[in-house]
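Peer 1: One structure, pasted below without further comment.
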Amino acid sequence: MTAANFPQAIEEYSLSIWRNPGNAALYSNRCAAYIKVMDLGNALKDAQKGLELDPTFVKLYLRLGNVYNLMKSYHKALEAYDQGLKIDPKNAEIQ
């Protein structure tokens, strides 16, 4: 994804989710694109939905923490990062 392609990426991930709504990775990727365009409400929904589908998906805890951080909900961000670290304590990204 390049900066100019985030809206297009959101559309393509949305289509992929429509075709395969049980794939947590698609929600994670669309969440990342929403973060890039600062659509934090939709990013939050995607992180939460992805975690509902796969509560062991560490990258989604990272994305959820990043969304909360950008929303200045620092306590919730730390909780999300801590949840991810419980699953993968050595994950460098989430540390």
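The values are calculated or read from the model by the stated rules, or taken from the named source; none is laboratory data. Note that the coordinates shown come from a computational prediction; the quantities given were computed from them, not determined experimentally. Note: ideal-geometry Cβ built from the backbone for every residue, glycine included; neighbour counts use all protein chains shown. The accessibility values were calculated without ligands, DNA or RNA, using every heavy atom of the protein model including side chains. Shrake-Rupley method; radii C 1.70, N 1.55, O 1.52, S 1.80 Å.
Peer 1: Return yes when D39 is open to solvent by less than 70 Å² (accessible area, probe 1.4 Å) and under 20 Å from Y81 (Cα atoms) and no when it is not.
Peer 2: So D39 fails the test.
Peer 1: Could I ask something else about it? Would you confirm whether or not region 12-27 contains a residue that is under 25 Å from K90 (Cβ atoms), surrounded by 17 or more Cβ atoms within 10 Å (Cβ to Cβ) and in contact with a helix residue (DSSP H, G or I) (Cβ under 6 Å, 6 or more places away or on another chain)?
Peer 2: Yes: region 12-27 contains one or more residues that are under 25 Å from K90 (Cβ atoms), surrounded by 17 or more Cβ atoms within 10 Å (Cβ to Cβ) and in contact with a helix residue (DSSP H, G or I) (Cβ under 6 Å, 6 or more places away or on another chain).
Peer 1: Limited to region 59-75, what total is found for residues that are farther than 20 Å from K36 by Cβ and in contact (Cβ under 8 Å) with a residue 12 or more places away in the chain?
Peer 2: 0
Peer 1: Ok, one more. How many residues does region 10-39 contain that are over 14 Å from the mean Cα position of the chain (by Cα) and more than 19 Å from E52 (Cβ to Cβ)?
Peer 2: Count: 3.
Peer 1: So, one more: Does Y74 qualify as being open to solvent by 30 Å² or more (accessible area, probe 1.4 Å) and touching a Phe, Trp or Tyr at 6+ places or on another chain (Cβ under 8 Å)?
Peer 2: Taking the combined requirement at face value, the residue satisfies it.
Peer 1: Ok, one more. I'd like the full set of residues that are within 16 Å of N42 (Cβ to Cβ) and in contact with a Gly (Cβ under 9 Å, 6 or more places away or on another chain), limited to region 53-66.
Peer 2: Answer for region 53-66, where residues must be within 16 Å of N42 (Cβ to Cβ) and in contact with a Gly (Cβ under 9 Å, 6 or more places away or on another chain): L60, R63, L64.
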